[in-house]
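Written out below as structure tokens is the structure these notes cover.
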Amino acid sequence: MVKKQKKANKYSEGDLIDLFGLNRLKGNDKMALMSEWTTIDMPILTAFEQQTFDIIFENAYQNIEGWNEEELKMKFLAFVVILGHLSDTKWYKTYYEREIFTKINDIYLYVKTDFMIAKGNMDKPKIPYFYFQEYKKLKDPNGDPVAQLLEAFLIAQKQNSLKNTLYGCTVTGKLWDFFILEDKTYCISKSYDCTEKDGLLQIIGILRKFKEILETKLLDK
């Protein structure tokens, strides 16, 4: 069993590409699975969802640049997750602020995940399907959200001997980027701006599409 180390290295995206032989693709049309995931119809919102959407959109449009990390989570991200229909079910649960770590070829990896969807019991996540890393600024001195998302992917592959494709996203400021890791190849979608109404609707639609992919293709029920 790997023990948590007191201090972990901070790797960049480039470091992880070099260390683990990863292949990087950029664009919604560069991987068939990414194209499938991000090709959506605009989601239909109920009256209550539309009211919630209007409130959080206007709040983000006016204020997102000034929010700190907790304000971003409480005033915006939590509601986007709800509108994306990513709630707990009997097959999977949502987890926040979980520490995960492992060693791969004597390289220690550690990350605190902002949000994950995983199969688990009570407070114990077991098989992860989706990771979400967020930072309120486009450039943050405390870490590289893409690198941390990739570390979470690699840790999940090692700990669970996963053959399933892994999904995730990063939020940096107002921009959302969606990720897929398949074996050693990862693909990054185009960026979606949550301060544009169509952009926010697309984000919600992509999250809902992930729920469909999870329940029809990834889950071992």
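Okay, here's what the table says:
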| read-out | value |
| --- | --- |
| Burial order of peptide ranges 80-86, 24-30, 175-181 (average beta-carbon count within 10 Å, highest first) | 175-181, 80-86, 24-30 |
| Under 16 Å from Lys93, Cα to Cα: aspartates and glutamates that are on another chain or at least 8 residues apart | Asp114, Asp123, Glu212, Glu215, Asp220 |
| Charged-residue dipole, Cβ positions (Lys, Arg, Asp, Glu), region 1-80 about Cα centre, Debye nearest 20 | 760 |
| 0 to 90° range, to nearest 10: angle between helix 197-213 axis and the chain longest Cα axis | 50 |
| Expected 222 nm ellipticity per residue - DSSP helices of 4 or more, -39500 (n - 2.57), all of the chain, to 500 | -10000 deg cm²/dmol |
| For the chain, the Rg and Dmax computed from alpha carbons only, in angstrom | 16.9, 53 |
| Antiparallel bridges, percent of DSSP beta bridges restricted to region 45-218 (to nearest 5) | 85 |
| Listed pairs Lys126/Lys197; Lys26/Lys90; Lys10/Lys217; Lys10/Lys90; Lys30/Lys75; Lys30/Lys112 exceeding 32 Å between Cα atoms | Lys126/Lys197; Lys26/Lys90; Lys10/Lys217; Lys10/Lys90; Lys30/Lys75 |
| Computed magnitude of the charge dipole of the chain (debye, nearest 20; Cβ of K, R +1, Cβ of D, E -1) | 960 |
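Bear in mind that the values in this text are calculations on the coordinates, not laboratory data. Since the structure is predicted, the reported quantities are computational estimates derived from the model, not experimental observations. Neighbour counts run over all protein chains shown; Cβ positions are idealised from the backbone, glycine included.
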